[in-house]
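Throughout, read-outs are computed from the coordinates displayed, never taken from laboratory work. Remember, it's a predicted structure, so these values are computed and weren't measured experimentally. When we count neighbours, we look across all protein chains shown, and the Cβ atoms used for this are built from the backbone with ideal geometry, even at glycine.
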Amino acid sequence: MKTITCTAPVNIAVIKYWGKRDEKIILPLNDSISFTLNQDEMCARTTVAVSPSFTEDRFWLNGNSYCSVLFAVFLLLVYSIVLSRAYISVRRRASKRKLEGSIEDILNWHVHICSVNNFPTAAGLASSAAGYACLVYALGQVYGVEGDLSSIARQGSGSACRSIYGGLVRWYKGELDDGTDSVAQPIAPPDHFPNLRIIICVANAGRKKTGSTDGMRQTVQTSRLMEYRVKESVVTRTEAMMEAIQDKNWSTFCDLTIADSNEMHAVCLDTFPPCVYMTDTSHAVASLVHQYNEVKIARGDLNHKVCYTFDAGPNACLFVPGAVVKEVLALLLRTFPPGPSQSPTEYVKGIPAQSATLSKELMSLGDEDFEGGRLKYLIHTRVGDGPRLMLDA
Ligand code: DP6
């Protein structure tokens, strides 16, 4: 028997993937760029065991307690299709290798897979990306597959290919029909922007109304704005983003990140019927960030700007320079206070941070007429590495 346990990270795109040129093998319409998040706060964990005594392939997907039995069955069905694709792809690549004796045995054994996430599934928090990357990485470890695994991860969930690497990662859309050039590659290490923090503002941890796959399909079919995005704006912005990363130009990086998130949500609204992911609370967080940045710009303190991005959900992901993280947390706590029965540690999960006293100027920020909802909680994390091997026995 051979058992492997791995963890894999979440990634958050700063240039978004939205729209496919091939749905079957998941080829995107544009390149995307993401940060990989640290796994101590958020990760997927997968154990794969192969044994000659197993009589069938089996898998377990944790976190179904929120589903009805029927929904759990549906989830398992969807997952099994995706899972079998990864399984077949990894095994195919393993078979291609010049096999050592032990690997040949393993290839004939049945597999048991157990997968869990330590954060909300399907809430626009890139859980499928971490889960799928973890599965592919773990299978790759079991069968000793070498080389790039991102093109296999991509076929389960597009954004999963970026979770195969740490730091800043670019997923190249590729030109070929067979997708062999649609791969992710690391473009900068985790500490490229030193001491960068990430605060995820969870407004809703439930399932999103329109899943990414359906949403993207509808956008591609109906949005004229999407044509402009794909042919012009996202291409130019991606190159500008690469330059900002190379130059470590944080201020430009922030502006481009915000612009791309807003453009993705604009094409979602231009979709017919519209895909609406952001809520009043999401807009209030975005507005707070703009107000905060105005203060920084007025002071010429461009290196301490903050930026936001939203995936297909209402939860803002903020990128915050470490030097101002206490201040930003204090601002968030003041504008979106914890629930009456929530302690500060329940409210701010992840890296512990004492909150700072706010200056008068920052005390006045926030929209006075905002009557939207609360945030459920915050996750404070940082940039991190790619998948890890935890146990090999
Ligand atoms: C909004 O990877 O979930 O998070 O390939 O259809 O499974 P499928 O989509 P998925 O797309 C997520 C898109 C996004 C933006 C991004 O991560 O780039």
### Query
Got the relative contact order for the range 183-274 handy, in percent, Cα pairs under 8 Å and 6 or more residues apart?
38
### Query
Where Lys and Arg each count +1 and Asp and Glu each count -1, what net charge lies around Ala130 among other residues with Cβ under 11 Å from its Cβ?
+2
### Query
So what is the relative contact order for the range 295-377, in percent, with contacts set as C-alpha pairs under 8 Å and at least six apart?
27
### Summary
Restricting to Cα pairs under 8 Å and 6 or more apart, the percent relative contact order of the range 114-272 works out to 17
### Whole-number D in µm² s⁻¹ for the range 341-393, Kirkwood Cα-pair radius fed into Stokes-Einstein, 10 °C, 1.306 mPa s
105
#### Entry: Cα-Cα over 24 Å, subset of Lys248/Lys360; Lys296/Lys360; Lys209/Lys305; Lys20/Lys305; Lys20/Lys376
Lys248/Lys360; Lys209/Lys305; Lys20/Lys305; Lys20/Lys376
### Query
Counting only the backbone N, which residues of the range 26-47 are under 19 Å from the spot 7 Å out from the Cα of Gln221 toward its beta-carbon?
26-29
### Summary
Toy charge model, Lys and Arg Cβ at +1, Asp and Glu Cβ at -1: the chain dipole around Cα centroid in debye, rounded to 20, equals 620
### Query
Which FRET efficiency, nearest 0.05, do Leu389 and Thr55 yield, Cβ-Cβ r, R0 41 Å?
0.90
### Task
Output the Cα-based Rg and Dmax of the range 133-177 in Å, rounding Rg to one decimal and Dmax to a whole number.
10.7, 31
## Note on the structure
Once the in-chain neighbours fewer than 8 apart are removed, the lysines whose Cα is under 24 Å from Lys2 read Lys96, Lys98
### Message
I want to check the label-to-label distance for His290 and Glu146. Put each point 7 Å from Cα in the C-beta direction and report it in nm to one decimal.
### Response
5.2
#### Entry: Kirkwood-Stokes translational diffusion coefficient of the range 122-261, alpha-carbon pairs, 4 °C, 1.567 mPa s, µm²/s
76
### Query
Regarding the range 260-364, what is the average projected area of its C-alpha convex hull, in nm²?
7.9
#### Entry: Estimated translational D of the range 203-258 in µm²/s (Stokes, Kirkwood radius over Cα pairs; 25 °C; 0.890 mPa s)
181
### Gained length - Ile25 relative to Asp301, 0.36 nm times residue gap less alpha-carbon distance
94.9 nm
### Task
Note the angle between two axes, namely the Cα long axis of helix 325-335 and the longest principal axis of the Cα atoms of the chain, as a number of degrees from 0 to 90, rounded to the nearest 10.
70
### Task
Work out the length of the dipole vector of the range 119-238 about its Cα centre, built from +1 on the beta-carbon of each Lys and Arg and -1 on the beta-carbon of each Asp and Glu, and round it to the nearest 20 debye.
660
### Task
Quick one: give the max-minus-min coordinate of the C-alpha atoms of the chain along each principal axis, largest first, in Å.
70, 48, 42
### Query
How much net charge surrounds Glu346 when only the other residues with a Cβ under 14 Å from the Cβ of Glu346 are counted, with Lys and Arg +1 and Asp and Glu -1?
+3
### Unit charges at the beta carbon, dipole of the range 184-231: most positive-side option, Pro189, Gly215, Val202
Gly215
